[in-house]
Amino acid sequence: MKRLILAYKNFAANRNISHIGLGVAALNTAKVLRANGIAAEVWPITNAAELSERLDSSISHVVTSAPWIPAEAWQRLTAEHADVEFAVNCHSNVGFLQADANGVRRLRDGMELEKGTWNFHVAGNSGKFCEWIRAAYRAPCAYLANLYYLEPERRNYPRMPFSGGTLRVGAFGATRPLKNLMSAAGAALEIASRRNVEVEIWVSSGRAEGGGGIMDAVRAMLAGLPHARLVENGWQTWPRFRETVRHMHLLLQPSYTESFNMVTADGVAEGVASVVSNAIDWAPASWKAGFDHVDEIARVGGHLLADPQAAADGLAALAAHNAEGLRCWKSYLKAA
């Protein structure tokens, strides 16, 4: 293999739009691959024509994040660069695709294209999604997991259990219905009430994607409570966001559907445990709670706050996910 390009749509090139999640995911994946001898690079691109112009004979594989390039453009790319192996990596599990009808159509077009050419593949960063594609459509789907780079100096990051004072709980991410922010905020409020402590509930602001009324509901739930404060944290660069995560005592990510969840991995890197739903399947079992059981989310959160081993459990789980994901990447790159 020569060079692997991880390409994602450069939303930031459009005014007033900044979707950095796919870029952060690609960066982390590339860093893990490079640390393991694979020459991976990350390219933000605006369209298929730009991708085509940048390709040269040193590049053997291109993996794009999310099904946003039309089938007609893929047909041109695969024909013009017949020696390059292309893949579109779906970044969502099945449930999240309800918000992206165009993505579903392009995904199905991609499955047809894969049957008609030798150098195009459909992939997913969720093993569950790939299993569904294979079973539902009898079509191939390569598993190309998100990988998360863990700096050596972070791997034994010490973290003391919460022992009092103001509790800081993060429920970060875009304000989408499927992120289940209301349950997360409700659980944070219950944790604080059970401990009789003040709580700051930190959320991301600036990206209300189909969830314009969600923040209003959260504000109404907390209004007038003397021991609870909602902190609406503006959208940040990823390094700054990591610093914010480090400031938290606990993260809550009880999503209805996920394919990886970068926020939980950011917490692992900073020694902060998360309560998650079963949708985030790589996380430790001790971190999981039913997404529609706010009491359970609060109970698991309370256990994690008191558990000095919680951060280490998360680190071990993410390292295991990386190892399996790296194996799958190597298998794909060798076979494609």
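What is the helix-to-structure angle for 21-35, meaning the angle in degrees between its Cα long axis and the longest Cα principal axis of the chain, kept from 0 to 90 and rounded to the nearest 10?
70
Net charge within 11 Å of Asp295 by Cβ-Cβ distance, Lys/Arg positive one each and Asp/Glu negative one each, not counting Asp295 itself?
Result for the local shell: -1.
If the only charges are +1 at each Lys and Arg Cβ and -1 at each Asp and Glu Cβ, what is the size of the charge dipole of the chain around the Cα centre, to the nearest 20 debye?
220
Per residue of region 275-283, what does 6.51 cos²θ - 1.76 cosθ + 1.60 with θ = phi - 60° give for ³J(HN,Hα)? Whole Hz please, x for Gly and Pro, Karplus curve as stated.
Once θ is set to phi - 60°, the couplings for region 275-283 become 8, 10, 8, 5, 4, 8, 6, 7, 5 Hz.
Set the Förster radius R0 to 22 Å, insert the Cβ-Cβ distance between Ser58 and Glu80 as r into 1/(1 + (r/R0)^6), and round the FRET efficiency to 0.05.
Efficiency, from the Cβ-Cβ distance: 0.85.
Classify the chain from the C-alpha gyration tensor, please: rounded if a/c falls under 1.5, else prolate or oblate depending on whether a/b exceeds b/c.
Judged from the Cα gyration tensor, the chain comes out prolate (a/c at least 1.5, a/b above b/c).
Please work out whether region 268-336 counts as rounded, prolate or oblate from its C-alpha gyration tensor, where a ≥ b ≥ c are the square roots of the eigenvalues and a/c under 1.5 means rounded, while otherwise a/b larger than b/c means prolate and anything else oblate?
Details: a/c = 4.41, a/b = 1.98, b/c = 2.23.
Taking the square roots of the gyration eigenvalues as a ≥ b ≥ c, region 268-336 is oblate.
Work out how much length Lys2 to Lys115 would gain on full extension: take 0.36 nm times their residue separation and subtract the Cα-Cα distance, in nm to one decimal.
38.2 nm
Projected onto the charge dipole of region 3-147 (+1 at Lys/Arg Cβ, -1 at Asp/Glu Cβ, origin at the Cα centre), which of Ala87, Ser126, Pro140 gives the Cα projection farthest towards the positive end?
Ser126
Using θ = phi - 60° and the Karplus relation 6.51 cos²θ - 1.76 cosθ + 1.60, list the HN-Hα couplings for region 189-206 in order, rounded to whole Hz, with x at every Gly or Pro.
5, 5, 4, 5, 5, 5, 9, 6, 10, 6, 9, 10, 9, 8, 10, 7, 10, x
5 Å is the cut-off here: which amide hydrogens, built 1.01 Å from N in the peptide plane, fall below it relative to Arg207, excluding neighbours closer than 5 in sequence?
Hits under the 5 Å cutoff: Thr175.
Throughout, read-outs are computed from the coordinates displayed, never taken from laboratory work. Just so it is clear, the structure is predicted and the values come from calculations on it, not from any experiment. So basically every Cβ, Gly included, is an ideal-geometry build from the backbone, and we count neighbours across all protein chains shown.
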